[in-house]
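Have a look at the structure below before the remarks.
The values are calculated or read from the model by the stated rules, or taken from the named source; none is laboratory data. None of these values were measured; they are calculated from a predicted model. All Cβ positions, even for glycine, are placed from backbone atoms using ideal geometry, and neighbour counts span all protein chains on display. These accessible areas exclude ligands, DNA and RNA; they are computed on the full protein's heavy atoms, side chains included. Shrake-Rupley method; radii C 1.70, N 1.55, O 1.52, S 1.80 Å.
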Amino acid sequence: MDSAVLAPAPVPPSWPPSLQVLLGEEAPELWSAVLGPLGGRLRTLAPVTVTLRPDAAATVRWSAVVDWADGRATRESLAATTGAEVPAGAAVLAGDVGGETVTVGLWRWPLDPALPGLAWAASAAGVARRLAELGVDAGAPRLRLRAYRPVRRAVVEVTSPAGRWFLKVVRPSAAAGLAARHAALVPAVPVPPVLAATDDGVLVLPALAGTPMREALGGDPAVLPPPAALEELLDALPPLGLPALAPPGRRDPTDPLPRLRGHAAVLGMVCPGLAPRLERLTAVVAAAVERRPVVPVHGDFYEAQLLVDGGAVVGLLDVDTAGPGARADDRATLLGHLLLLERLAADPAPVAAYRARVEAVAGGGADLAARVAGVLVGLATGPFRVQQAGWAEATEARVALAEEVMRTSSSR
């Protein structure tokens, strides 16, 4: 093994054992134990995404180059997870951190054991064959991976002269519920219908027309829907799962604080210096949040989930989280994303102008500001998750933005 190539960056000793194992010096050794019996030898190993959970379990995806005994060298996507997320069928090994054993499940793309449908959904030949069996003629398809969260879900775009589709790959146990959610939403809002669903967790969805709102925000403002149209869209959501007033012992679906505390815990583990600020921010948010009525919500409502055309919303995507909640959280999610996008955009003016219009319709107030701040704390986990260069500075900037939202709200 070329230790000069594979030597990982030092892992801070304050980080949890899961990250010590998956990002530290044991990671190449774990993968060598898996690949060696297959005739593979690691040449490089670099983390691509790192997901840390509030319970300190972690999931990591790497890009690797592997030299094989037959002389080939291949670029591989590798993944591993710890804790309760370890799925049956993964190669299970153990790492050691200061005498503490960390159980790790490992696999090579696309053989995610929690997403068995991914094996064929990531193969052009497999897609052509399975779609034909499902009554969808995709001809000779080209595939593009649009999203992959190990053990959770993947989205594959399928393009051919015959059309364009998206394969949404989820855990088999979640597929029927997601298909039913689409079926309930289709008559009311512009979500894609499910053309077919498989027992191994793949939903076939048609591509919808329209321009992604994120793209439209940097272009012709006439394409953008007025904020009132967004409210009308949310008003049209059917009552999935309602009523859902939380009985004693169950979480109130309108309460954003458990989610905020979870994100703050994750940030505190990787950026311990931010922990006091996050604790103060959480207390300020908790003091400002009000109880809200339970209504139908999208659950992850922001510009990337919306397709627009001619001033109307023509597509609503990713409805996995649609159900009971607080309308204020859908508004806050959109405003939080717009506020961050405004800070990151090369030309922030169009985004700022649209955000101001959304705020005017949303009505403002301390409760909404608190929920926006909570969204920004969640977005602050992004730079570390995607291993962005300078992620610590970017994380601090997003936490500072959440603090600014609360300061501005209290000064009004």
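Selection of segment 39-61 for residues being open to solvent by 20 Å² or more (accessible area, probe 1.4 Å), among the small types (Gly, Ala, Ser) and closer than 14 Å to residue 19 by Cβ yields only 56. In segment 300-384, counting only helices (runs of 4 or more DSSP H) that sit wholly within it, the ones holding 2 or more residues that are without any contact (Cβ under 8 Å) to a residue 60 or more places away in the chain and of a type in the set (Lys, Arg) span 327-344.
Restrict the check to segment 304-317 and report whether at least one residue is under 25 Å from residue 409 (Cβ atoms) and either out of contact with any helix residue (DSSP H, G or I) (no Cβ under 8 Å at 6 or more places or on another chain) or open to solvent by 20 Å² or more (accessible area, probe 1.4 Å) (or both). It would help to see each step written out before you state the result.
Of the residues in segment 304-317, the ones under 25 Å from residue 409 (Cβ atoms) are none.
No: segment 304-317 contains no residue that is under 25 Å from residue 409 (Cβ atoms) and either out of contact with any helix residue (DSSP H, G or I) (no Cβ under 8 Å at 6 or more places or on another chain) or open to solvent by 20 Å² or more (accessible area, probe 1.4 Å) (or both).
Quick one: would you say residue 135 is more than 21 Å from the chain's Cα centre (by Cα) and part of a loop (DSSP other than H, G, I, E, B)? Judged against the criteria, residue 135 is a match. Only one of (1) surrounded by 15 or more Cβ atoms within 10 Å (Cβ to Cβ); (2) closer than 19 Å to residue 214 by Cα; (3) out of contact with any Pro (no Cβ under 6 Å at 6 or more places or on another chain) fails for residue 382. Which number is that? Against the list (1) surrounded by 15 or more Cβ atoms within 10 Å (Cβ to Cβ); (2) closer than 19 Å to residue 214 by Cα; (3) out of contact with any Pro (no Cβ under 6 Å at 6 or more places or on another chain), residue 382 comes up short only on (1). Would you check if residue 237 is of a type outside the set (Val, Ile, Thr), in contact with a Pro (Cβ under 8 Å, 6 or more places away or on another chain), assigned to a loop (DSSP other than H, G, I, E, B) and modelled with pLDDT of 95 or more? Yes: the conditions hold for residue 237. One residue alone among 175, 209, 222, 228 is of a type in the set (Gly, Ala, Ser) and surrounded by 15 or more Cβ atoms within 10 Å (Cβ to Cβ), and that residue is 175. Residues in segment 94-115 that are in a loop (DSSP other than H, G, I, E, B), closer than 21 Å to residue 49 by Cα and open to solvent by less than 70 Å² (accessible area, probe 1.4 Å): 110, 112, 113, 114, 115. Taking (1) open to solvent by less than 50 Å² (accessible area, probe 1.4 Å); (2) under 25 Å from residue 281 (Cα atoms); (3) modelled with pLDDT under 95 in turn, residue 400 satisfies each apart from (3).
It is to be established whether one or more residues within segment 348-368 are within 30 Å of residue 221 (Cα to Cα) and within 17 Å of the chain's Cα centre (by Cα). Steps first, answer last, please.
Just the residues of segment 348-368 that are within 30 Å of residue 221 (Cα to Cα), to begin with: 348-368.
Filter once more, keeping what is within 17 Å of the chain's Cα centre (by Cα): none.
There is no residue in segment 348-368 that is within 30 Å of residue 221 (Cα to Cα) and within 17 Å of the chain's Cα centre (by Cα).
For the structure I just gave you, tell me whether residue 154 is under 16 Å from residue 124 (Cα atoms) and touching a helix residue (DSSP H, G or I) at 6+ places or on another chain (Cβ under 6 Å). Break it down into steps so the answer makes sense when it comes.
Working: under 16 Å from residue 124 (Cα atoms): yes; touching a helix residue (DSSP H, G or I) at 6+ places or on another chain (Cβ under 6 Å): yes.
Yes: the conditions hold for residue 154.
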